[in-house]
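Okay, structure first, notes after.
The values are calculated or read from the model by the stated rules, or taken from the named source; none is laboratory data. This structure is a prediction, so every number in the text was calculated from the model and none was measured. Note that we place each Cβ from the backbone using ideal geometry, even for glycine, and neighbour counts take in every protein chain shown. Side chains included, ligands, DNA and RNA excluded: accessible areas come from the protein's heavy atoms. Shrake-Rupley method; radii C 1.70, N 1.55, O 1.52, S 1.80 Å.
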Amino acid sequence: MNATTIPLRQPRRSRRVLHLALILCAVGFMGLFLILPLATVFVEALRKGLPMYLDAIAQPGSLSAMRLTLWVAAVAVPLNIVFGIAAAWSMTHFRFPGKALLGALIDLPFSVSPVIAGLIYVLLFGAQGWFGPWLEAHGIRIIFTATALVLATMFITLPFIARELIPLMQAQGSDEEEAARVLGAGGWQMFFRVTLPKIRWALLYGVLLCNARAMGEFGAVSVVSGMIRGLTTTMPLEVEMRYNEYDHVGAFAVASLLAMLGLVTLGAKTFLEWRHRGELAAHAPGSH
Amino acid sequence: MKVKTLLLMVCLAAAANVVHAANLTLLNVSYDPTRELYADINRAFAAQWKAQHGDNVTVQMSHAGSGKQARAVVDGLPADVVTLALAYDIDAIADRGLLSKDWQQELPDHSSPYTSTIVFLVRKGNPRNIKDWPDLIKPGVQVITPNPKTSGGARWNFLAAWGYALQLPGGNEAKAREFVKALYRHVPVLDAGARAATNTFVQRGMGDVLIAWESEALLAQQEFGKGAFEMVVPSVSILAEPPVAVVDANAARHGNAAVAKAYLEFLYTPQAQAIGAKHFYRPRLAAAAQTSGVHFPAVKTFTIRQWFGDWRQAHAKFFADGAVFDQIGPGH
């Protein structure tokens, strides 16, 4: 479609003004609510100079928080990939009783407050919880360890991948998979050769969103963390702790690292989109 | 042969070395405003233990609101020692059988190695002219104090206000209740912990007066410059006694019983008392206050035992579900 083919009722000038106003409005909003706060983080972090900034980052607390954050994401995201694909597959390819319920359950973490998600795990695995006495008798600790952080993060990020995949897989149908089976492909062969290439962009977006949220989650992990510095504090928790310790530069330094991890994720997504722009255009919905 | 003997000797020496310099790890679960205090205490204790026993002690810290921390220990946070804001929170842990119910007899001074009191922090020049408790309920004054449901400091604040009204000539329960109810009408926001409330007042600039631990008020003055805030000592306040205890069940399981006990006893030594004073906690040893150079203003205090019995009774009466705070807190 070409813009010049639309019949023009309005005079050109007022349309221009409208365009300009809308663009200004959007850019203004972005600047005020996205770019300004992001810039503030870096300005505050560097307020006392680069050496202080690097010093704040090099503290053992910051480094262990960074390691833990990356570790939690590295465990939670792959598990969510497996779950997300399995859930999306069963939602779009099978008919079974309770399918609507499964769909609703996938959305549960979106509608439940993260604090409640954390509390659920305390009530299940805490010393006073349902499985607490049994776990304690067997010397297993879950709550207030890194395991609990992974569990809470998985709960919070559960819908991201499945929700990206379901609409796409629904739209694509299963004709190509059926053709592959008829031509003699095995289950895994069909998945890796046919399904995965079809869904890889949606999967990638899901993974990026899931990863960003996994690294940034605060509410749920703060309930199950126990706040043991160097052991169970992820970066968002470390930011709060530093802020509470009047360590202004330290808090913003860790926050800037967290923001940079987010920016790297965003950069990776943009880069991949740019590298594969031709392929993306071909697969865009409505192109066939 | 010779090489083998040499190898054996190296192995033995390495093994002996491991036996001599064990690495011990203690977990101290504490409340919000003690972060700076225990950072220094832990360093001093580790040096002392290393000198006396040759072992390396790492004390890990966990900080949050006192009530939340007690809850976490009950839920399985493996604290070797707890250093909390008030005795009731340790009672709650004792109720689950993790330590003896008469834990308060284990260490001197009701197991409180340092004390504090409740004071006011006001903005530069004291624009609202706040001198004493009644000034907090003057029209238009906004008071910042955290939520007594979650914050230990906030409970001391509550009891300090209640005790003030009670000890006035002609003071009684009904009048104290009226005063505290009026006070909470002046509270625009209830933060979860003492440090969060300090941040609300100091960094976000909300409110005309912060009711705070003396240690928090002195620290805020130090961090943000003497000119920015002024501390006001009321005519009478409460003697706050933050207690410490070994969580026996956890320490025994970790094989830390001896070092945990030594750690808490260390808090009573002149060295640790001086560190406490430096961080604005009133030491039990008067000499330590002098060496620290911190000036603790004279203040007339009453104890919890004087007006409220003990913390269990105070909790049941004021802070339990449906008790006085729920009846007269904000919104009433």
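The table below gives the values:
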| item | result |
| --- | --- |
| Part-to-part distance (alpha-carbon centres) for region B:188-208 and region A:202-219, which is given in Å | 33 Å |
| Other-chain or far-sequence residues with amide H under 5 Å of B:Gly76's (modelled H) | A:Ala127 |
| Between region B:296-332 and region B:91-120, the Cα center-to-center distance that results, in Å | 16 Å |
| Qualifying lysines (Cα of each under 16 Å from Cα of B:Lys124; at least 8 residues distant if same chain) | B:Lys226 |
| Mean Cβ neighbour count within 10 Å, used as a protection proxy, ranking A:107-120, A:235-248 highest first | A:235-248, A:107-120 |
| Note, ³J(HN,Hα) from phi for region B:260-265, Karplus 6.51, -1.76, 1.60, rounded to Hz, x at Gly and Pro | 5, 5, 4, 4, 6, 5 |
| Efficiency of FRET between B:Gln313 and A:Ser111 - r from beta-carbon atoms, R0 35 angstrom, step 0.05 | 0.25 |
| Within 10 Å of each Cβ in A:119-126, the average number of Cβ atoms from other chains | 2 |
| Potential extension, B:Gln52-B:Asn172 segment - 0.36 nm per residue separation minus Cα distance | 37.8 nm |
| Prolate/oblate/rounded label for region A:49-279 (Cα gyration tensor, a/c 1.5) | oblate |
| Computed over chain A: relative contact order in percent, which uses C-alpha pairs under 8 Å that are six or more apart | 28 percent |
| Structure-based [θ]222 nm, chain A - -39500 (n - 2.57) summed over DSSP H runs of at least 4, per residue, nearest 500 | -24000 deg cm²/dmol |
| Furthest towards positive pole of dipole, B:Phe179, B:Leu98, A:Leu46, structure part the protein assembly as shown, Cβ charges | A:Leu46 |
| The protein assembly as shown - convex hull of alpha carbons, volume per residue in Å³ | 273 Å³ |
| Under 18 Å from B:Lys131, Cα to Cα: aspartates and glutamates that are on another chain or at least 8 residues apart | B:Asp208, B:Glu214, B:Glu230 |
| Phi-based couplings in Hz for region B:67-78 (Karplus 6.51, -1.76, 1.60; Gly and Pro marked x) | x, 4, 5, 4, 4, 5, 5, 4, 7, x, 5, x |
| Of the DSSP H helices in chain A, those whose Cα atoms cover at least 15 Å axially and whose Kyte score averages -0.5 or more | A:12-30, A:60-93, A:99-111, A:114-125, A:146-172, A:196-216, A:248-275 |
| Accessible surface of the protein assembly as shown [probe 1.4 Å, protein heavy atoms]: carbon and sulfur percent | 64 percent |
| Distance violations [Cα-Cα > 19 Å] among B:Lys138/B:Lys300; B:Lys138/B:Lys181; B:Lys278/B:Lys300 | B:Lys138/B:Lys300; B:Lys278/B:Lys300 |
| Helix B:35-53 vs. chain B, principal-axis angle (Cα, 0 to 90°, nearest 10) | 30 degrees |
| Averaged over A:223-230, number of beta-carbon atoms from partner chains that fall within 10 Å | 6 |
| Whole-Å distance, taken between Cα centres, linking region A:257-273 and region A:100-126 | 28 Å |
| Dipole magnitude (debye, nearest 20) for region A:1-134, charges at Cβ of Lys, Arg, Asp, Glu | 860 debye |
| Cα centre as origin, Lys/Arg/Asp/Glu Cβ charges: chain A dipole, Debye | 1060 debye |
| Cross-link partners of B:Lys50 among lysines (Cα-Cα below 21 Å; sequence separation of 8 or more within a chain) | B:Lys261 |
| Amide H within-cut-off set for B:Ser100, under 5 Å, with H built and near neighbours excluded | B:Asp248 |
| Relative contact order %, region B:65-224, counting alpha carbon pairs below 8 Å whose residues are six or more apart | 29 percent |
| Estimated dipole of chain B in Debye, rounded to 20 [Cβ of Lys and Arg +1, of Asp and Glu -1, Cα centre] | 460 debye |
| Sequence of B:Lys261, A:Lys269 when ordered by accessible area, the most exposed leading, probe 1.4 angstrom | B:Lys261, A:Lys269 |
| Over region A:61-144, relative contact order from alpha-carbon pairs under 8 Å, at least 6 apart, % | 12 percent |
| Prolate/oblate/rounded label for region B:223-285 (Cα gyration tensor, a/c 1.5) | prolate |
| Protection-proxy order for peptides A:211-217, B:121-127, B:81-87, each taking the mean of Cβ atoms within 10 Å per residue, highest first | B:81-87, A:211-217, B:121-127 |
| For chain B, average projected area of the Cα convex hull in nm² | 19.7 nm² |
| Chain B: angle of helix B:214-224 to the longest principal axis, Cα-based, in degrees nearest 10 | 80 degrees |
| Using alpha-carbon coordinates, inclination of helix B:152-167 to the longest axis of chain B, degrees | 40 degrees |
| DSSP-defined antiparallel bridges as percent of all bridges, the protein assembly as shown, nearest 5 | 55 percent |
| Backbone HN-Hα couplings from phi across region B:121-133 [Karplus 6.51/-1.76/1.60, Hz, Gly and Pro as x] | 10, 10, 7, 2, x, 6, x, 8, 6, 8, 10, 8, 3 |
